[in-house]
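Peer 1: Here it is: the structure, laid out below.
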Amino acid sequence: MTDIYSNAQSAADYIRTATDLKPHIGIILGSGLGNFANHVRGATRIPYPEIPHFPRSTVEGHSGHLVLGTIAGVPVAVMQGRVHAYEGYPLSEVTFPTRVLGLIGCKTLIVTNAAGGINPSYAQGSLIAISDHINLTGTNAALGPNEPRFAALPGAGQRFFDMSTAYSPRLRALAIEEATRQGFQLREGVYLAVLGPSFETPAEIRAFRTLGADLVGMSTVHETIVARHMGLEVLGISLVTNPAAGVVAAGHEAAEAIHHEDVMEVGRRAEKQFTSLLTALVPQIAAQP
Ligand code: HPA
């Protein structure tokens, strides 16, 4: 059996040889949001293939660099690009970088994604704070032997771990307050994860709405699960890139087909708001106990 913990240690050791920076916050950038990494100061950019055991991303718009530096003076580690289960990676690889973020000292994970809006009142291009998730991918990233050495805090690293506040209410409140300060409303929503890569059918989306989901996407839940296993505090932000299948967006007559190019384009347009929100939040998160 491969020893994920010692592989993650090798990756962490490699990163420590590339920079003295000790990141407090790990940030995973979703589709179309990768440009945020270009705002990191004093950046050391490490291509994923250079880091031992790191997976390489294959999706357009996920360029695959770990960027270490500062945002508003706070040391951060930013993943510009992630890999997804739909690319064929086992979840141990999908979540490997999150494990490494924990080992290099991050105590907070900001996980971001592009998502379809199931909630019909979500405008395309809006940012939503994830309040909770529904994992319908059919599997769980903590599957397999438990590895308590991944604990980033005393008491973490347990076989069974609580997910009742997986997305930190404290961090969400900070994000909502900061958005209000910046003049926009950051709403909250439940993120439902599917395996993909096909987008959903309208019948699936109707079913997901009945289940209580506001957003649908193909990432995030696995990273959140391992982050919680390690004891990291998690903030999740979704960018609504399109109305989910069959959802008629406000101001439109009928539902439209979903295209990956549109997902990327909406990301580019939302970049400014996303960047100013995150840049203001990072020092607030770092300042709080
Ligand atoms: N469904 C699933 N994943 C997505 C979507 C969607 O509509 N939009 C962006 N990522």
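Peer 1: Which one is nearest to the ligand (Cβ to nearest atom), of the residues in the range 157-173 that are in a helix (DSSP H, G or I) and crowded, with 18+ Cβ neighbours inside 10 Å?
Peer 2: Looking at residues that are in a helix (DSSP H, G or I) and crowded, with 18+ Cβ neighbours inside 10 Å, I get Arg172.
Peer 1: Looking at the range 188-289, what helices (runs of 4 or more DSSP H) fall wholly within it and have at least 1 residues that are within 14 Å of the ligand (Cβ to nearest atom), closer than 18 Å to Ala175 by Cβ and at pLDDT below 95?
Peer 2: Answer list for the range 188-289: 260-287.
Peer 1: Looking only at residues that are among the aliphatic types (A, V, I, L, M) and within 13 Å of the ligand (Cβ to nearest atom) in the range 85-123, which one is nearest to the chain's Cα centre (by Cα)?
Peer 2: Ala114
Peer 1: I've got another one for you. Could you run through the range 4-53 and say how many residues are part of a strand (DSSP E or B), over 20 Å from the mean Cα position of the chain (by Cα) and on the phi < 0 side of the Ramachandran plot?
Peer 2: 3
Peer 1: Moving on. Any residue in the range 141-170 that is under 18 Å from Tyr191 (Cβ atoms) sitting within a Cβ distance under 8 Å of a residue that is at pLDDT 95 or above and of a type in the set (Asp, Glu)? List the pairs, counting only those 6 or more apart or interchain.
Peer 2: Pairs found: Ala141/Glu223; Ala166/Asp132; Tyr167/Asp132; Ser168/Glu233.
The values are calculated or read from the model by the stated rules, or taken from the named source; none is laboratory data. Just so it is clear, the model here is predicted, and its values are computed rather than measured. Using ideal geometry, Cβ is built from the backbone for each residue, glycine included, and neighbour counts are taken over all protein chains shown.
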